[in-house]
1. Looking at the chain, what % of its DSSP beta bridges pair antiparallel, to the nearest 5?
2. What 222 nm value per residue comes from the helices of the chain, counting each DSSP H run with n ≥ 4 as -39,500 (n - 2.57) and dividing by all residues, nearest 500 deg cm²/dmol?
3. Going by Cα centres, the stretch 84-122 and the stretch 1-47 are how many Å apart?
4. Note the full-extension length gain between residue 86 and residue 104 as 0.36 nm times their separation in residues minus their Cα-Cα distance, in nm to one decimal.
5. For the stretch 1-56, which trypsin sites (Lys or Arg not before Pro) are in a loop by DSSP, counting at most 16 other Cβ atoms within 10 Å?
6. Within the chain, how many Lys pairs sit with Cα atoms under 22 Å apart, leaving out pairs fewer than 8 places apart on the same chain?
7. Where Lys and Arg each count +1 and Asp and Glu each count -1, what net charge lies around residue 79 among other residues with Cβ under 15 Å from its Cβ?
8. What is the extension gain from residue 150 to residue 28, computed as 0.36 nm multiplied by their sequence separation minus the C-alpha to C-alpha distance, in nm to one decimal?
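What follows draws every value from the coordinates through simple rules; no lab data is involved. Here the structure is a predicted model, which means the values were calculated and not measured. Glycine also receives a Cβ, built like all others from the backbone with ideal geometry; neighbour counts cover every protein chain displayed.
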Amino acid sequence: MMKSYLSLIDTDTSGNRNDVTPLFADAKAFRQMVSDLAEPFLNARIDLVACIDALGFILGSAVAQHLNVGLIPIRKGGKLPVKTENVRFVDYSGKTKSLEIRKDSPLDNVRILLIDEWIETGAQVRAAIKLIENQGGVVVCIAAINIDRNEKTASLRKKYAIHSLCT
């Protein structure tokens, strides 16, 4: 069953991406979406939410607040003014990009909920997971508004618990 607020997502866009920002602009819809994203984790032992630059920051921040846990932002490469660990990947459009995290992030044995807004191929999420796991963190679940079902995301579905609002 589709959540009614998902109809606010603009699917009439150029390229192969949808625009979720109209959903963010509706306070009631946004509040319900955050609640729905966080619901499976209310009684789980989640220590931190990690979220991916940029729209993932919006969702991750709201879910972390809802769960009353801290937040680890995973930035686009070259953005942090401190020593970082960096991972390169090829995104859904075929472009090489990178993500980074502070080298001193407190992740050793920390249970993490990883959030992004939309996962097409999983390349960006796999890069984020590598950053988290390289620093000793444990990815407990991956959550997003939508996680495409395809051969590229199948490995994520096999290895990690997945929570997607679009089914």
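1. Among the beta bridges of the chain, antiparallel pairing accounts for roughly 35 percent.
2. Taking each H run of at least 4 residues, the total per residue is -8500 deg cm²/dmol.
3. 21
4. Using 0.36 nm per residue and subtracting the Cα-Cα distance, I get 5.2 nm.
5. Answer by residue number: 3, 17, 45.
6. Here the count comes out as 21.
7. +4
8. Contour length minus Cα-Cα distance gives 40.8 nm.
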